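Chemist: Okay, handing you the structure first.
The values are calculated or read from the model by the stated rules, or taken from the named source; none is laboratory data. Since the model is a prediction, treat every value here as computed from it, not as a measurement. Positions of Cβ are generated from backbone atoms using ideal geometry, with glycine treated the same way; all protein chains shown enter the neighbour counts. Remember, those area values only see protein heavy atoms, side chains included, never the ligands or the DNA or RNA. Shrake-Rupley method; radii C 1.70, N 1.55, O 1.52, S 1.80 Å.
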Amino acid sequence: MKIQDVDLSAYIEINDLDIIQKELYKLFKAFHDICEKHGMTYNMYGGTLLGAVRHQGIIPWDDDIDVSMPREDYEKFAVLIQEEYSDKFIAYVYPKKDYVYPYMKFGDKKSILLEPLRNKYNKLSLYIDIFPIDGCSDKGNIRSRSFEKLRTLKHRRNICIEPINKSRYAVMNGLKFIRYLFLRSVGYRYFLKKEIRISKSYDFQYSNYVCCMASSWFEKGILEKEKYTDRVLYKFGDYEFWGMRDYDEHLTNLYGNYMQPPAVKDRVSNHNYHLFFERKKWENNNE
């Protein structure tokens with residue numbers, strides 16, 4: 001999908017990072033309020049928890065929000081958005097058509113977000129990422145086998161969704177080329193379904209250890225369940241949101257010396273999207 005293929009006549013493009021962050025705060029607050037109303041558990045996760053600890057808000061150069069939910073609440077939340085909040089919000093989640101990730105995106109329907117993907121752009125809304133937290137085995141060797149399977153499946157899924165690269169074809173031998181074409185013919189949904197099935201092998205409720213199997217951190221994301229479920233509210237911008245009380249192990253595993261910001265040259269977003277808001281609603285809200 002190209003930008004010119006989307007009808008954006010009633011929309012205005014938003015490029016200013018400060019404005020994007022303000023909209024993310026609003027969306028995060030809406031997510032929090034829904035969870036509180038319906039008794040659902042979530043935690044700030046990854047870079048968002050790091051932002052809460054180090055900056056008391058979104059990391060200044062960042063433009064996304066990451067949260068996690070126990071699998072049971074995660075699945076209930078997806079259904080709830082569809083049944084009760086579909087006038088304002090949308091839950092992008094498997095098996096939604098053309099959705100390629102093993103985790104959810106919670107989107108604001110008054111916006112259009114185009115992110116680079118298989119063709120030119122993938123059409124979404126301004127979103128926050130919601131990662132399911134699953135149980136995992138107490139035994140390290142069993143966990144390692146699960147992670148290896150997931151790495152393989154993720155690699156194959158990525159082959160299916162990446163843009164066709166003719167220069168890549170040129171350096172492949174015959175067998176690699178045939179395998180590449182075969183994987184793309186199978187399609188990403190086959191591998192995505194397997195990823196989710198493996199991720200759900202151990203029930204969160206009955207496990208001593210938990211992990212976000214849907215992310216790319218694998219072993220680095222393993223936590224004792226008691227640490228995950230022991231939550232406190234953290235100041236995050238003008239609001240307060242839930243996060244793990246004992247965050248040190250999680251953030252150290254992911255980022256090392258997490259209180260040390262990266263070099264100035266590395267303080268950039270990892271995203272490359274185009275964001276549009278409905279012109280009328282945007283102008284009414286900003287008069």
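Chemist: Classify the range 108-155 as rounded, prolate or oblate from the Cα gyration tensor: take a ≥ b ≥ c as the square roots of its eigenvalues, call it rounded if a/c is under 1.5, otherwise prolate when a/b beats b/c and oblate if not.
Modeler: Verdict is oblate for the range 108-155.
Chemist: Averaging sequence separations of C-alpha pairs under 8 Å and six or more residues apart, then dividing by the length of the range 80-150, give the relative contact order as a whole percent.
Modeler: Relative contact order, the range 80-150: 21 percent.
Chemist: Just want the answer: with Cβ charges of +1 for Lys and Arg and -1 for Asp and Glu, which residue in His155, Ala214, Ile14 is farthest toward the dipole's positive end in the chain?
Modeler: Looking along the dipole axis, the top candidate is His155.
Chemist: Let me ask you something else. Taking θ as phi - 60°, what are the ³J(HN,Hα) couplings along the range 202-209 by the Karplus curve (6.51, -1.76, 1.60), each to the nearest whole Hz, with x for Gly and Pro?
Modeler: Each residue of the range 202-209 in turn: 10, 6, 3, 4, 10, 10, 7, 10 Hz.
Chemist: Now for a different question. What percent does the relative contact order of the chain come to when contacts are Cα pairs within less than 8 Å and at least six residues apart?
Modeler: 25
Chemist: Could I ask something else about it? Hey, can you grab everything whose amide H is under 5 Å from the amide H of Leu117? Only 5+ residues off in sequence or another chain; H modelled, so Pro and N-termini drop out.
Modeler: Residues meeting the criterion, in which the H sits 1.01 Å from N, are Asn122.
Chemist: Could you state how much accessible area Thr48 has, in square angstrom rounded to the nearest 10, with a 1.4 Å probe and all protein chains kept in place?
Modeler: Only protein atoms counted, so the area is about 10 Å².
Chemist: Amide H of Tyr11: which non-local residues (sequence gap of 5 or more, or other chain) have their own amide H closer than 5 Å, using H built in the peptide plane?
Modeler: Arg279
Chemist: Which whole DSSP H helices in the chain pass both tests: a Cα extent of 20 Å or more along the axis and a mean Kyte-Doolittle value no lower than -0.5?
Modeler: Membrane-span-like by this rule: 17-37.
Chemist: Let me ask you something else. Between Cys136, Cys211, Cys160, find the one with the highest GNM mean-square fluctuation for the chain; connect C-alpha pairs within less than 10 Å.
Modeler: Cys160
Chemist: Now a separate question. How high is the relative contact order of the range 31-111, in percent, counting Cα pairs under 8 Å that sit 6 or more residues apart?
Modeler: 20
Chemist: How would the range 61-216 be classified by its alpha-carbon gyration tensor: rounded, prolate or oblate, with rounded meaning a/c under 1.5 and the a/b versus b/c comparison settling the rest?
Modeler: oblate
Chemist: Indicate the gyration tensor shape class of the range 197-239 (rounded, prolate or oblate), computed on the Cα atoms with a ≥ b ≥ c the square roots of the eigenvalues: a/c under 1.5 is rounded; otherwise a/b larger than b/c is prolate and the rest oblate.
Modeler: Judged from the Cα gyration tensor, the range 197-239 comes out prolate (a/c at least 1.5, a/b above b/c).
Chemist: Within the set Lys2/Lys97; Lys139/Lys194; Lys96/Lys200, which residue pairs have Cα atoms separated by over 20 Å?
Modeler: The answer is Lys139/Lys194.
Chemist: Provide, as a two-decimal number, the C-alpha radius of gyration of the chain over 2.2 N^0.38 Å, N being how many residues it has.
Modeler: 1.04
Chemist: Quick one: work out the % antiparallel among DSSP beta bridges in the chain, nearest 5.
Modeler: 90
Chemist: Would you mind working out the magnitude of the charge dipole of the chain relative to its Cα centre, with +1 at each Lys and Arg C-beta and -1 at each Asp and Glu C-beta, to the nearest 20 Debye?
Modeler: 1700
Chemist: May I pose another question? Quick one: accessible area per residue over the chain, 1.4 Å probe, rounded to a whole number of Å²?
Modeler: With all protein chains present, the chain gives 53 Å² per residue.
Chemist: In whole percent, how big is the carbon plus sulfur part of the accessible area of the chain, probe 1.4 Å, protein atoms only?
Modeler: Answer for the chain: carbon and sulfur cover 48 percent of the accessible area.
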